[in-house]
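Read the structure below first, then the notes.
Read the figures in this text as sums done on the coordinates, not as results from a lab. Note that the structure is predicted; figures quoted are calculated from it, not measured. Don't worry about glycine lacking a Cβ; one is built from the backbone with ideal geometry, like all the others, and counts go over all protein chains shown.
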Amino acid sequence: MNTPPPPPADSAFSGDEQGYSRDDLDRIVAETFVERVEHRPECASTNSRALELAGDNSASCTLVLADRQTDGRGRGENRWWSAEGALTFSVLVKPDLFRLPTRRWPQVSLTTGLAICDAIDELLSDPPACLKWPNDVYLGGRKVCGILVEGTDGGERSLVVGVGVNVNNSATAAPAELREKSVALCDVAGRSLPRVDVLVAILQQLARQLDRLGSEKEELQSQWTCRCLLTGRQVEIELPAGRRMGVCRGIDADGALLLETDGGTERFVSGVVTRFD
Ligand code: BTN
């Protein structure tokens, strides 16, 4: 959950407090494209740790998985708050694995969001998960997941795909300013879910969708437009040059947000959506 304040001391967490077992870690390697898991009971930021590992060639397809993250980073200046029971991980992806040309890298965030929507739908039948362009997943109108994709510089370049999902960290225990805006999977399911099940489902869907991105499958555009939370809504987007308003008309094949503004249909490749009705 994006927030400036520190986590509260108590929480309504009632799930898999023990973290991940040896069997869980073996299962991740056996059932997904991940080759190695670096499991940490506590980590400041799994993205920062994965970026450190990126220089090591043998670290391809490494998953950094934290039971608890203490200084999670979000997009821009945002921090990512996660209480006990949240799923926080980063996976180091060598773009060659999915034959991802550089021009497709900006769409990795949306594609990850799509994979997470598919995984959530697999685990919970209702309501359907939605993509909030460009890096959030919503469930029942509230944020359930944030994504932070970062690239490494120099040498053989890699992508770090960082994901935070509210799984068993119920929004009822979140700081007041987040309570109305966030939701956890356990809130919707009415029970706690093993985080490893959520993680395996996400990684399997991620491989499937990144493979589609690498093979330039056209259906990706229709899938992310179909999942787009903003379509048909009045949206305000913040850009370095100021704010723009328009009615969202979906997402184009390059992952740009389409807004019908006073000047016609405009495409936005970056920006922060600050409001939507
Ligand atoms: C956002 O909503 O702005 C993105 C939040 C991304 C949070 C995840 S949690 C795991 C990974 N490690 C981090 O430091 N950030 C990402």
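Nearest 20 debye, what's the magnitude of the dipole of region 25-86 about its Cα centre given +1 on Lys and Arg Cβ and -1 on Asp and Glu Cβ?
Numbers: 8 positive and 11 negative charges, 39 e Å.
Here region 25-86 has a charge dipole of around 180 debye.
Net charge near Ala171: determine it from the other residues with C-beta under 12 Å of the C-beta of Ala171, scoring Lys and Arg +1 and Asp and Glu -1. It would help to have the intermediate numbers written out before the result.
Numbers: positive: Arg142, Lys143, Arg179, Lys181; negative: Glu177, Glu180, Asp187.
Every neighbour counted, the sum reads +1.
Indicate the gyration tensor shape class of the chain (rounded, prolate or oblate), computed on the Cα atoms with a ≥ b ≥ c the square roots of the eigenvalues: a/c under 1.5 is rounded; otherwise a/b larger than b/c is prolate and the rest oblate. If you can, show how the numbers build up before the last one.
Details: a/c = 1.59, a/b = 1.17, b/c = 1.35.
Because a/c hits 1.5 or more and a/b fails to exceed b/c, the chain counts as oblate.
Rounded to the nearest Å, what's the spacing between the alpha carbon centres of region 216-230 and region 120-146? Just the number, please.
If we compute the Cα centre of each part, the gap is 14 Å.
State log₁₀ I(q)/I(0) for region 230-276 at q = 0.20 Å⁻¹ as given by the Debye formula over alpha-carbon point scatterers of equal weight, solvent excluded.
The Debye formula, applied to the Cα set alone, gives -0.54.
Charges at C-beta only: +1 for Lys and Arg, -1 for Asp and Glu. How large is the resulting dipole of region 230-276 about its Cα centre, in Debye rounded to 20?
Values: 6 positive and 7 negative charges, 29 e Å.
Using only the charged Cβ atoms, the result is roughly 140 debye.
Could you work out the local net charge near Ser158, counting Lys and Arg as +1, Asp and Glu as -1, over the other residues with Cβ closer than 13 Å to its Cβ? Intermediate results must be reported in sequence, preceding the final value.
Working: positive: Lys94, Arg157; negative: Glu52, Asp56, Asp96, Glu150, Asp153, Glu156.
With Lys, Arg at +1 and Asp, Glu at -1, the neighbours total -4.
With +1 assigned to the C-beta of every Lys and Arg and -1 to the C-beta of every Asp and Glu, and no other charges, what is the dipole magnitude of the chain about the Cα centre in debye, to the nearest 20? It would help to have the intermediate numbers written out before the result.
Numbers: 31 positive and 41 negative charges, 98 e Å.
Approximately 480 debye in magnitude.
Arranged from highest to lowest average of other beta-carbon atoms within 10 Å per residue, in what order do the peptides 195-202, 166-173 appear?
Numbers: 195-202: 21.4, 166-173: 23.6.
Those peptides, ordered most packed to least, come out 166-173, 195-202.
If you take the square roots of the eigenvalues of the alpha-carbon gyration tensor of region 136-192 and sort them as a ≥ b ≥ c, do you get rounded (a/c under 1.5), prolate (a/b over b/c) or oblate? Show your work: numbers first, answer last.
Working: a/c = 3.29, a/b = 2.62, b/c = 1.26.
Judged from the Cα gyration tensor, region 136-192 comes out prolate (a/c at least 1.5, a/b above b/c).
Let a ≥ b ≥ c be the square roots of the eigenvalues of the Cα gyration tensor of region 154-277; is it rounded (a/c under 1.5), or, if not, prolate (a/b larger than b/c) or oblate?
Details: a/c = 1.91, a/b = 1.22, b/c = 1.56.
In terms of gyration-tensor shape, oblate.
Based on the mean of other beta carbon atoms within 10 Å per residue, what is the order of 207-215, 37-45, most packed first? Before the final figure, lay out the partial values.
On the way: 207-215: 18.8, 37-45: 16.6.
The peptides rank, most packed first, as 207-215, 37-45.
Cα centroids of region 52-78 and region 235-250: how far apart, whole angstrom?
Value for the Cα centre distance between the two parts: 31 Å.
Determine the relative contact order of the chain: mean sequence separation of Cα pairs under 8 Å and six or more apart, normalised by residue count, in whole percent. Don't jump to the answer; show the numbers that get you there.
On the way: 602 pairs, mean separation 51.9, N = 277.
Answer for the chain is 19 percent.
Would you please give the FRET efficiency between Glu122 and Asn57, computed as 1/(1 + (r/R0)^6) with r the Cβ-Cβ distance and R0 = 41 Å, to the nearest 0.05?
The value I calculate is 0.80.
All other residues with a Cβ under 13 Å from the Cβ of Glu216 taken together, and with Lys, Arg as +1 and Asp, Glu as -1, what is their net charge?
Net charge in that neighbourhood comes out at +1.
Could you run the Karplus curve 6.51 cos²θ - 1.76 cosθ + 1.60 with θ = phi - 60° over region 232-249 and give me ³J(HN,Hα) per residue in whole Hz, x for Gly and Pro?
x, 9, 6, 10, 10, 10, 9, 10, x, 8, x, 9, 10, 10, x, 8, 6, 10
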